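Okay, so here's the structure we're looking at.
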Amino acid sequence: MEREMVIVLDFGGQYNQLIARRVRECNVYCEVHPHNISLEKIRQMNPKGIIFTGGPNSVYAEDSATCDKEIFEMGIPILGICYGSQLMAHLLGGKVTTAPVSEYGKTEVEINTGASLFRGVSQKTICWMSHTDYIEKIPENFQITAHTPVCPAAGMECPEKKLYAVQFHPEVVHTAEGVTILRNFVMDICGCSGDWKMDSFVETTIQSIRDRVGGGKVLCALSGGVDSSVAAVMLAKTVGKQLTCVFVDHGLLRKSEGDEVEEVFGPNGPYDLNFIRINAQERFYQKLAGVTEPEQKRKIIGEEFIRVFEEEAKKIGAVDFLVQGTIYPDVIESGLGKSATIKSHHNVGGLPDYVDFKEIIEPLRMLFKDEVRKAGLELGIPENLVYRQPFPGPGLGIRIIGEVTAEKVHIVQDADYIYREEIAKAGIDKQLGQYFAALTNMRSVGVMGDERTYDYAVALRAVCTSDFMTADCAQIPWDVLGKVANRIVNEVKGVNRVLYDCTSKPPGTIEFE
């Protein structure tokens, strides 16, 4: 598919995916690539614009992330953000050094409103700064477009070469007019028309899959979660009865969820799917016995999933393709290019070295969670399915800290069920991005019925997020939390303490492991 595209070059900044998300909000397709991608590869992609991310290093350090200086001669508009702005200055003859005064947090920036990057932006605007170095001297033929009392080049540009830079982060919500700045770059400077919309994505993806699969048989890894459900329906509309959906109940699902998935996608459900349910609870428990390290648990669950699918494929006979509901945050957190691996997702970095399928199809691989939901609605999937609570592939295996046992699974299932029930009763479920109960490996002394107990602590988690790349802790009313805690302690055997997790993402992740 020929489409407009802006690429983000990752220099190690924590907001790289957020930049891509903001560009997509302009209806322009955007991908993130490592900073050392070749110029030839960039030419092949034919982007309308390039954005350099922030990064943790100093551009003048010997081992700092850099790029080919020739990129500035390609005639493609480039926007440098934070480290990206300093790198642009450094490579083009300017001077970057340690700033006399560092800037962190919300900062008032004075803008040259005549600069094309700042069209429609207030002369004084609040921006999010995070830097210890600064541009002391701008390169030749550049002009300063923004400054603060301690940062003389908070913005600079060389319109003749289509080069633009800002020291602050326009992609974060704390920058008051950041969306306007990015839109000016993408639409006005890069000349994008904004033609990437979900209906066209669904249409072109279906056609692409149809061409790729031909008459081959397809096996879909269906978990019943939002991502795999959208992938399953997309494939059903694409290849019909060539598709078989295999639902593996690994014993790590939420309470009653296995039956709920079968009710929706099984023979009596609204979709005409070949559906197979595999009850493999004991098989997974045995594999996980004695394992406490999170990455090892993820990889065990991922490999066992694949082995079950392979076995089922042999029964079906000559299956060529495996379909998974991988989405973009999964890909990034499992390691993109030289990015750090935060955690391996069982459908990305958790795959074993050998997989007995001709090809793996991941139709949602480049979408964020909210985009997946839009695709689901475009496919005609009911809202109650599209907006159901996200659930990770490894399931409760990563919501149980330490070793996974059948007893611990039952504890967290019951606690989570109570939590979700009370959130729904309070009418705040639609305000939350994700919420769940997890079982810690902490045991503590309690008093119940005048007797001493020594039981587990359950941790409650709730976050507000749109893209699942960043998230804020949800401020759930205290009376709701109190009722949940009271019910869990009274109704769930083996629990005598309930905690609430107040950590945002970053520095934490949404899941516990």
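The values are calculated or read from the model by the stated rules, or taken from the named source; none is laboratory data. From a predicted model like this one, the values you see are computed outputs, not experimental measurements. Virtual Cβ from ideal backbone geometry, glycine too; neighbours counted across all protein chains shown. Note: areas computed on protein heavy atoms with side chains; ligands, DNA, RNA excluded. Shrake-Rupley method; radii C 1.70, N 1.55, O 1.52, S 1.80 Å.
Which condition does residue 160 not pass, out of (1) under 21 Å from the mean Cα position of the chain (by Cα); (2) modelled with pLDDT of 90 or more, if it passes all the others?
With respect to (1) under 21 Å from the mean Cα position of the chain (by Cα); (2) modelled with pLDDT of 90 or more, residue 160 is out only on (1).
How many residues does segment 99-115 contain that are modelled with pLDDT under 95, surrounded by 12 or more Cβ atoms within 10 Å (Cβ to Cβ) and more than 31 Å from the chain's Cα centre (by Cα)?
Total satisfying the criteria: 2.
Of the residues that sit in segment 47-65 and are more than 25 Å from the chain's Cα centre (by Cα) and not charged (D, E, K, R), which one is nearest to residue 80 (Cα to Cα)? Let's see the steps before the verdict.
Our first condition is that a residue be more than 25 Å from the chain's Cα centre (by Cα); within segment 47-65, this holds for 58-64.
Remaining after also requiring not charged (D, E, K, R): 58-61, 64.
Working: 58: 15, 59: 13, 60: 16, 61: 18, 64: 16 Å.
Residue satisfying both the conditions and the ranking: 59.
Residue 412: under 22 Å from residue 296 (Cα atoms) and either open to solvent by less than 20 Å² (accessible area, probe 1.4 Å) or part of a loop (DSSP other than H, G, I, E, B) (or both), yes or no?
Judged against the criteria, residue 412 is a match.
Taking the condition of being of a type outside the set (Val, Ile, Thr) and either open to solvent by 50 Å² or more (accessible area, probe 1.4 Å) or touching an Asp or Glu at 6+ places or on another chain (Cβ under 6 Å) (or both), how many residues in segment 132-150 meet it?
Final tally of qualifying residues: 7.
For the structure I just gave you, tell me whether residue 51 is part of a strand (DSSP E or B), touching a Leu at 6+ places or on another chain (Cβ under 6 Å) and open to solvent by less than 40 Å² (accessible area, probe 1.4 Å).
yes
Working only within segment 214-232, note down all residues that are open to solvent by less than 10 Å² (accessible area, probe 1.4 Å) and among the hydrophobic types (A, V, I, L, M, F, W, C).
218, 219, 220, 222, 226, 230, 231, 232
Which of the residues that make up segment 284-312 are more than 26 Å from the chain's Cα centre (by Cα) and among the small types (Gly, Ala, Ser)?
Across segment 284-312, the qualifying residues are 289, 290.
Check whether at least one residue in segment 371-387 is open to solvent by 10 Å² or more (accessible area, probe 1.4 Å), at negative phi, among the basic types (Lys, Arg) and assigned to a loop (DSSP other than H, G, I, E, B), and report yes or no.
no
Kindly list, by first and then second residue, each pair from a residue in segment 398-426 that is under 16 Å from residue 490 (Cβ atoms) to a residue that is open to solvent by 10 Å² or more (accessible area, probe 1.4 Å) and in a helix (DSSP H, G or I), limited to pairs with Cβ atoms under 8 Å and residues at least 6 apart or on different chains.
414/491; 418/487; 418/491; 422/480; 422/483; 422/487
I'm told residue 398 meets every condition in (1) open to solvent by 10 Å² or more (accessible area, probe 1.4 Å); (2) out of contact with any Leu (no Cβ under 8 Å at 6 or more places or on another chain) except one. Can you identify the failing condition by its number?
Among (1) open to solvent by 10 Å² or more (accessible area, probe 1.4 Å); (2) out of contact with any Leu (no Cβ under 8 Å at 6 or more places or on another chain), the lone unmet condition for residue 398 is (1).
Looking at segment 426-513, what strands (runs of 3 or more DSSP E) fall wholly within it and have at least 2 residues that are open to solvent by 20 Å² or more (accessible area, probe 1.4 Å) and among the acidic types (Asp, Glu)?
Correct list: 451-464.
So if I check each of 122, 64, which one is open to solvent by 10 Å² or more (accessible area, probe 1.4 Å), closer than 17 Å to residue 176 by Cβ, out of contact with any Phe, Trp or Tyr (no Cβ under 6 Å at 6 or more places or on another chain) and part of a loop (DSSP other than H, G, I, E, B)?
Selected residue: 122, the only one of 122, 64 that is open to solvent by 10 Å² or more (accessible area, probe 1.4 Å), closer than 17 Å to residue 176 by Cβ, out of contact with any Phe, Trp or Tyr (no Cβ under 6 Å at 6 or more places or on another chain) and part of a loop (DSSP other than H, G, I, E, B).
For segment 151-175, give me each residue that is surrounded by fewer than 23 Cβ atoms within 10 Å (Cβ to Cβ) and among the β-branched types (Val, Ile, Thr).
Passing the criteria: 172, 173.
Among all residue pairs at least 6 apart or on different chains, which show Cβ distances below 6 Å where the first residue, located in segment 7-21, is of a type outside the set (Val, Ile, Thr) and the second is assigned to a helix (DSSP H, G or I) and surrounded by 24 or more Cβ atoms within 10 Å (Cβ to Cβ)?
Here the result reads 10/16; 11/83, each pair linking segment 7-21 to a residue that is assigned to a helix (DSSP H, G or I) and surrounded by 24 or more Cβ atoms within 10 Å (Cβ to Cβ).
Please pick out the residue among 176, 165 that is assigned to a strand (DSSP E or B), over 25 Å from residue 374 (Cβ atoms) and of a type in the set (Gly, Ala, Ser).
165
For segment 180-213, which residues satisfy the criterion of being more than 22 Å from the chain's Cα centre (by Cα), within 27 Å of residue 325 (Cβ to Cβ), in contact (Cβ under 8 Å) with a residue 40 or more places away in the chain and open to solvent by 40 Å² or more (accessible area, probe 1.4 Å)?
195, 204, 208, 212
Please verify whether segment 278-299 includes one or more residues that are within 20 Å of residue 217 (Cβ to Cβ) and open to solvent by 60 Å² or more (accessible area, probe 1.4 Å).
no
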